Every structure is written in C-alpha cells, then in structure tokens.
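The values are calculated or read from the model by the stated rules, or taken from the named source; none is laboratory data. Everything numeric here is computed off the predicted structure, so don't read it as measured data. Cβ placement follows ideal geometry from the backbone for every residue including glycine, while neighbour counts extend to all protein chains displayed.
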C-alpha cells in the first residue's frame with residue numbers, strides 16, 4: 001500500500017493556474033475521492049498524480065519518493081477511464097493481459113493472473129468475447145481487471161461510472177468498493193456525483209476552483225459542512241441568512257436571529273463575524289402547528305407538498321420571503337398547502353457556515 005503526499009502543487013495551462021498551491025496527504029490503502037463540479041480541477045489533479053499532466057510547481061511523493069517528474073509509465077499506477085478504453089480488436093482475456101505482456105511476464109503466469117482477476121470482477125466466463133459483445137457494466141469490469149492485474153502501487157479512476165445507467169452504477173460502485181478493500185490498494189477516485197462519493201469513500205476532498213474546500217470522512221463532509229459551498233453541494237441544504245447575536249458558548253452553540261426569533265445553532269468552528277448564514281438539511285427540520293410555543297421555531301406557510309413514498313417534501317415560505325425545504329417521514333400525517341406552520345430547527349444539526 002502506498003501513501004501519496006502532495007505539497008504546494010501547482011498546475012498551469014498557459015497563464016491560468018488550474019491548481020494553485022494544493023497540499024494533501026492520501027493515506028496508504030485509502031479509498032480517496034476527489035469530488036466537485038466540472039471545471040473544479042479534480043481531473044487535472046488525477047492526471048497529475050498519473051503523470052499525464054505536468055506540475056509547474058510543488059512536489060508529489062509516493063511513500064516519500066519524489067514522483068513529480070517521473071514519467072507516467074514508471075509510476076506504477078493503474079488507470080480506469082470513463083470510456084473504458086478497451087482495445088476493440090482484442091478479446092477480454094487479451095485486453096486484461098496487455099499490461100502483463102508489455103512487462104514480458106511468462107505465459108503461464110499471465111494465464112493464471114488474468115484468470116484470477118477476471119473471476120474477481122465476475123467476468124471469468126467472458127474471456128473469449130470482444131468488447132463489442134459486452135454491456136457497459138461488463139466493459140467497466142474488464143477495465144478494472146486490466147488496471148489491477150499488473151498490481152499497481154496506486155489505482156486511479158476517472159469518473160468510471162458516468163456512462164452507466166442508474167441501477168448499474170450502484171451495482172458497479174459496490175463491486176469497486178468491495179474489490180478495493182479486498183486488494184487494499186490506495187485508490188484515487190474522481191466523480192461529480194455526491195451520492196457515489198458518500199457511498200464508497202474513506203475520505204472525500206471536495207474541490208472548488210482548484211483548491212480543496214473541505215477534506216474529511218463522508219460523515220464529516222455531510223454532517224459538518226464548513227462552508228455554504230460544501231453544504232449546498234453535498235446533499236440538499238437550506239442556506240438561510242441570519243444575524244449573529246452571540247458567538248459560541250461553552251456548549252459550542254451560537255445564537256442567531258431569523259425574522260423576529262432567536263435560534264440556537266451549532267457554532268461549527270465559525271469565529272465572530274465569520275458567518276451570517278446557517279445551513280439546515282431538510283431531514284433535520286420539522287413542522288409543528290403554527291400555534292405551537294416551542295424553542296427554535298419560526299413561522300412559515302406551506303407553498304407546496306409532494307408525497308414521495310418514504311417521505312413528504314414541503315416547500316415552506318418564511319415570513320421574510322425565503323423558501324426552504326422540509327422533509328418528513330411519509331407516514332407522518334402531513335400538512336396542507338396554504339397552511340401556516342412553525343418550522344422547528346434542530347440546534348445540534350443546524351449550523352453556522354462561512355459564505
């Protein structure tokens with residue numbers, strides 16, 4: 001297993017720095033995901049780790065060895081691409097064997113290793129087929145076997161599931177996660193899909209304009225977003241402008257004013273004056289009768305109700321005109337459109353975030 005250390009990395013195209021002074025450590029054996037929208041720099045960072053893009057500054061190390069200017073073919077990486085990149089004129093067996101033959105491995109070893117990895121990805125019965133005779137999911141499994149059969153130090157995956165339909169994406173992502181844990185290889189996975197990142201990752205780096213906005217375990221990124229950007233990108237968060245009344249107390253709570261009501265929220269590490277915005281997930285809010293006298297509640301009117309089976313989603317317009325979304329369990333009864341309600345904020349799950 002290989003640890004990757006990136007220090008003050010800069011990658012420029014012409015005068016534009018796509019990545020500017022980025023530093024991060026990827027632990028050995030970690031399933032590490034680079035997450036973010038198109039153009040945020042995640043694929044450029046992956047290509048730089050692979051050696052396909054050249055750093056213009058900073059250092060990249062594998063287990064302490066400087067790899068910054070080492071050619072791609074000498075880095076010991078395995079790569080899985082979005083479009084599979086299989087040879088159409090070669091069988092499944094020959095596609096997987098390609099890297100071993102390039103390394104002059106003997107035929108007996110090739111047969112053994114290719115057979116073992118095809119079985120691992122569930123493609124043992126398809127060794128004689130050509131890529132044209134395979135489904136998208138089967139092609140991606142072959143591409144994964146081809147990347148792993150050479151036993152690389154690091155596995156890199158560039159949006160490998162984006163060409164698959166929704167149901168197949170879930171199946172293949174589970175297969176990838178299971179195989180990565182079985183093999184124990186350090187993996188860097190690029191995606192723009194937040195659910196995908198939450199489902200498979202040990203750690204997530206959410207990127208924004210060539211820098212890491214927040215780094216942490218999936219539970220940290222989702223449950224404790226530090227900025228409005230993170231809260232909005234990971235899950236559907238309500239971002240609500242407030243007035244800061246009192247900074248963090250001994251319990252780590254801040255007091256804010258929304259409309260004419262003061263609310264207790266998690267200070268979330270924000271300093272005095274750093275934030276006039278709170279983030280609240282729809283599932284962490286509750287609706288009560290308008291007459292209910294309860295702490296941490298503000299008035300609003302239900303504008304829209306949508307029944308979605310396991311939950312009911314409400315769009316509620318607050319008195320200040322801001323719409324927010326509230327999710328309640330599907331069997332919770334329900335509110336009618338046009339009804340005045342009190343929106344209850346959980347003081348532990350509602351938090352200050354930086355704009």
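Key figures for this structure:
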quantity: Single residue of 213, 195 found to be out of contact with any strand residue (DSSP E or B) (no Cβ under 7 Å at 6 or more places or on another chain) and not assigned by TED's automatic domain parsing to the domain that holds residue 316; calculated: 195
quantity: Residue 184 being out of contact with any strand residue (DSSP E or B) (no Cβ under 9 Å at 6 or more places or on another chain) and under 30 Å from residue 81 (Cα atoms); calculated: yes
quantity: Residue, nearest to residue 185 (Cα to Cα), within region 60-75, restricted to residues that are in contact (Cβ under 8 Å) with a residue 40 or more places away in the chain and loosely packed, with under 15 Cβ neighbours inside 10 Å; calculated: 63
quantity: Verdict on residue 110 being assigned by TED's automatic domain parsing to the domain that holds residue 156 and either surrounded by fewer than 21 Cβ atoms within 10 Å (Cβ to Cβ) or under 14 Å from residue 186 (Cβ atoms) (or both); calculated: yes
quantity: Among (1) at pLDDT 90 or above; (2) over 30 Å from residue 192 (Cα atoms); (3) surrounded by 14 or more Cβ atoms within 10 Å (Cβ to Cβ), the one test that residue 218 misses; calculated: (2)
quantity: Extreme residue, nearest to residue 190 (Cα to Cα), among residues of region 1-33 that are in a strand (DSSP E or B) and free of Cβ contacts under 8 Å to residues at least 12 places away in the same chain; calculated: 13
quantity: Any chance residue 100 is within 31 Å of the chain's Cα centre (by Cα), within 24 Å of residue 186 (Cβ to Cβ) and not in a loop (DSSP other than H, G, I, E, B); calculated: no
quantity: Selected residue (only one of 288, 247, 237, 319 is touching a residue at least 24 places away in the same chain (Cβ under 8 Å) and buried (at least 17 other Cβ atoms within 10 Å of the Cβ)); calculated: 237
quantity: Tally of residues being crowded, with 22+ Cβ neighbours inside 10 Å and under 12 Å from residue 99 (Cα atoms) across region 135-157; calculated: 6
quantity: Selection within region 163-181 - surrounded by fewer than 21 Cβ atoms within 10 Å (Cβ to Cβ) and in contact with a strand residue (DSSP E or B) (Cβ under 8 Å, 6 or more places away or on another chain); calculated: 177, 181
quantity: Among (1) within 18 Å of residue 29 (Cβ to Cβ); (2) out of contact with any strand residue (DSSP E or B) (no Cβ under 6 Å at 6 or more places or on another chain); (3) in contact (Cβ under 8 Å) with a residue 24 or more places away in the chain, the one test that residue 151 misses; calculated: (3)
quantity: Scan of region 34-52 for residues that are in contact with a helix residue (DSSP H, G or I) (Cβ under 7 Å, 6 or more places away or on another chain) and not in a strand (DSSP E or B), ordered by number; calculated: 36, 50, 51, 52
quantity: Residue that is surrounded by the fewest Cβ atoms within 10 Å (Cβ to Cβ), among those in region 116-134 that are within 17 Å of residue 83 (Cβ to Cβ) and in contact with a helix residue (DSSP H, G or I) (Cβ under 8 Å, 6 or more places away or on another chain); calculated: 130
quantity: Set 269, 235, 321: member being over 19 Å from residue 348 (Cα atoms) and either in contact with a strand residue (DSSP E or B) (Cβ under 7 Å, 6 or more places away or on another chain) or not in a strand (DSSP E or B) (or both); calculated: 321
